[in-house]
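Have a look at the structure below, then the notes.
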């Protein structure tokens with residue numbers, strides 16, 4: 001696909017100025033969400049005695065394995081929910097590997113205290129969306145049927161901490177400059193510095209895989225490979241739904257992922273240019289073994305792993321979630337905070353991992369549910 005629209009010299013001049021401005025400076029630093037956290041009792045958790053909480057124990061065991069590697073005096077989390085790693089390690093040691101639902105509940109109630117999280121204005125209500133592990137048709141070789149590169153992490157990608165924020169770019173004349181945008185990358189800006197893991201046959205599906213942060217790649221001979229998040233170009237994320245709404249091509253409330261994907265597939269001449277309005281570009285890495293792997297570095301568990309804003313929820317924490325699925329059915333269950341996402345920002349915000357493939361997409365792509373959560377934090381030492 002190549003966008004061949006021509007809108008006149010005035011627009012080209014404006015786009016050129018915009019591109020220059022984009023390259024001239026890094027995106028502004030993100031402001032962490034302001035939030036409050038109030039200790040609560042387990043009796044206030046809707047459905048606590050009905051959930052099969054033991055199903056989350058394997059996910060929590062994976063989180064605890066990562067927490068156990070941290071220095072005991074290291075602080076995990078930030079703000080009111082931050083605690084020393086030693087506290088988390090003590091709580092992890094109290095959790096059984098397997099147990100009945102009642103025994104798991106008792107262990108959790110002994111080791112943790114639930115905290116109700118609310119925004120700065122005191123509201124405990126927020127938004128919960130869904131995500132899934134995408135699928136791609138791919139090839140080891142480029143061809144007319146497989147023309148789109150699935151890039152690994154570029155060799156010239158540099159990440160730095162400066163003034164409390166992470167800068168992503170590349171070195172030029174001894175200075176760090178912003179990394180190319182999606183449009184520049186798709187025009188060949190990193191062809192010499194980024195490895196190509198696979199070649200994909202569909203640019204829309206590749207973009208969706210980048211939004212999800214993981215995918216299974218199916219080769220023509222039937223082999224499957226798993227790829228996961230390997231970095232990004234440091235540019236701000238803009239969702240496809242917002243892009244279509246801003247372009248006057250979709251109405252609010254009608255931008256589920258299945259609807260967006262269907263529209264883009266049905267309008268190939270417009271799709272590439274529209275998708276390039278999301279300047280964020282994701283690089284992948286090959287995943288060996290179980291997956292997909294979340295930001296915490298552990299495989300995600302369908303319907304039990306949650307992506308969160310790590311400025312609010314400590315990665316690895318158990319989270320009691322109260323929301324609904326896309327068909328309005330209640331979800332009251334214990335989750336494990338094991339992932340993050342470019343759009344998952346705010347005091348009460350989460351992304352529910354549904355699993356892999358089209359069945360998971362049917363749920364994840366339509367989920368946009370109000371809800372609240374309680375974050376389980378280690379109880380004080382006896």
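The values are calculated or read from the model by the stated rules, or taken from the named source; none is laboratory data. No experiment lies behind these values; they were computed from the predicted model shown. In this analysis, Cβ positions are derived from the backbone assuming ideal geometry, glycine residues included, and neighbour counts consider all displayed protein chains.
The single residue among 244, 203 that is over 24 Å from residue 146 (Cα atoms) and crowded, with 16+ Cβ neighbours inside 10 Å turns out to be 244.
Here residue 301 meets the list (1) assigned by TED's automatic domain parsing to the domain that holds residue 157; (2) in a loop (DSSP other than H, G, I, E, B); (3) at pLDDT 95 or above almost entirely, failing just condition (1).
Which one of 59, 118, 91 is modelled with pLDDT of 95 or more, within 25 Å of the chain's Cα centre (by Cα), surrounded by 21 or more Cβ atoms within 10 Å (Cβ to Cβ) and not in a loop (DSSP other than H, G, I, E, B)?
Details: 118 fails: surrounded by 21 or more Cβ atoms within 10 Å (Cβ to Cβ); 91 fails: within 25 Å of the chain's Cα centre (by Cα).
Matching residue, one of 59, 118, 91: 59.
Under the condition of being without any contact (Cβ under 8 Å) to a residue 40 or more places away in the chain and either in a loop (DSSP other than H, G, I, E, B) or touching a helix residue (DSSP H, G or I) at 6+ places or on another chain (Cβ under 8 Å) (or both), the residues counted in the stretch 166-183 number 2.
Restricting the first residue to the stretch 114-141 and requiring it to be in the same structural domain as residue 261 (by TED's automatic domain parsing) and at positive phi, which pairs with a second residue that is crowded, with 18+ Cβ neighbours inside 10 Å and in a strand (DSSP E or B) meet a Cβ separation below 7 Å and a spacing of at least six or different chains? Close Cβ pairs satisfying both conditions: none exist. Restricting attention to the stretch 67-80, the residues that are modelled with pLDDT of 95 or more and either in a helix (DSSP H, G or I) or on the phi > 0 side of the Ramachandran plot (or both) add up to 1. If you go through the stretch 311-336 and keep only what is without any contact (Cβ under 8 Å) to a residue 40 or more places away in the chain and under 14 Å from the mean Cα position of the chain (by Cα), you end up with nothing.
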